[in-house]
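The values are calculated or read from the model by the stated rules, or taken from the named source; none is laboratory data. Please read all numbers here as calculations on a predicted model, not as lab measurements. Because the Cβ atoms are built from the backbone with ideal geometry, glycine has one as well, and the counts that use them run over all protein chains shown. Ligands, DNA and RNA are excluded from the accessible area calculation, which covers all protein heavy atoms including side chains. Shrake-Rupley method; radii C 1.70, N 1.55, O 1.52, S 1.80 Å.
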Amino acid sequence: LGKHGFVLHNYPENTLMPGERRNTLRKSKGIHDLTLRERGVLADALKDDVLTLQRLTTDDACRRLLASRDPVIYGEAPGPDSRCTHGRRQFADSHIDRNGHRR
């Protein structure tokens with residue numbers, strides 16, 4: 001996404017992020033890492049137009065993405081029953097933090 005100047009918004013909260021490893025696997029295997037429930041949540045988000053793709057138009061914004069200064073993926077805000085107060089963000093270098101959208 002970042003290489004092409006795109007940012008994904010509202011990635012489902014309780015779904016493994018791209019490249020994120022499940023504890024039981026040695027390496028990431030893409031969509032196959034997702035449980036059936038997670039696949040359903042992701043499919044529903046796609047069908048319901050919850051996921052939005054933003055195209056960045058400035059070279060500076062694209063450079064910030066590629067340098068992992070700005071996130072490539074913004075997760076949705078956590079629900080009221082979550083112990084987390086902020087949503088996840090994933091950067092081009094694959095690190096994930098919890099400084100995203102506030103609940």
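Summary of computed values
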quantity: Within the chain, percent of DSSP bridges classed antiparallel, to nearest 5; calculated: 75
quantity: Label-to-label distance, nm, for residues given as LEU46 and HIS32 (7 Å Cα→Cβ offset); calculated: 1.7
quantity: Highest average packing first - 82-94, 34-46, Cβ atoms within 10 Å; calculated: 82-94, 34-46
quantity: Rounded to 10°, Cα long-axis angle of helix 36-47 versus longest principal axis of the chain; calculated: 50
quantity: Accessible surface of the chain, 1.4 Å probe, proportion on carbon and sulfur as whole %; calculated: 49
quantity: Residue-wise HN-Hα coupling along segment 68-77, computed from phi with Karplus coefficients 6.51, -1.76, 1.60 (Hz; x: Gly, Pro); calculated: 6, 8, 10, x, 8, 10, 10, x, 5, 5
quantity: Full-extension gain in nm, ASN14 to ILE96, via 0.36 nm per residue minus C-alpha separation; calculated: 28.2 nm
quantity: Per-residue [θ]222 nm for the chain (sum of -39500 (n - 2.57) over DSSP H runs n ≥ 4, rounded to 500); calculated: -5500 deg cm²/dmol
quantity: Equivalent ellipsoid, segment 58-103 (semi-axes from 5 times Cα gyration tensor eigenvalues, Å); calculated: 24, 10, 6
quantity: Distance between modelled label sites at ALA67 and HIS4, nm, 7 Å Cα→Cβ extension; calculated: 2.5
quantity: Pairs of Cα atoms farther than 21 Å apart, the chain, %; calculated: 36
quantity: Per residue, in Å², the accessible surface of the chain once ligands and nucleic acids are set aside, probe 1.4 Å; calculated: 67
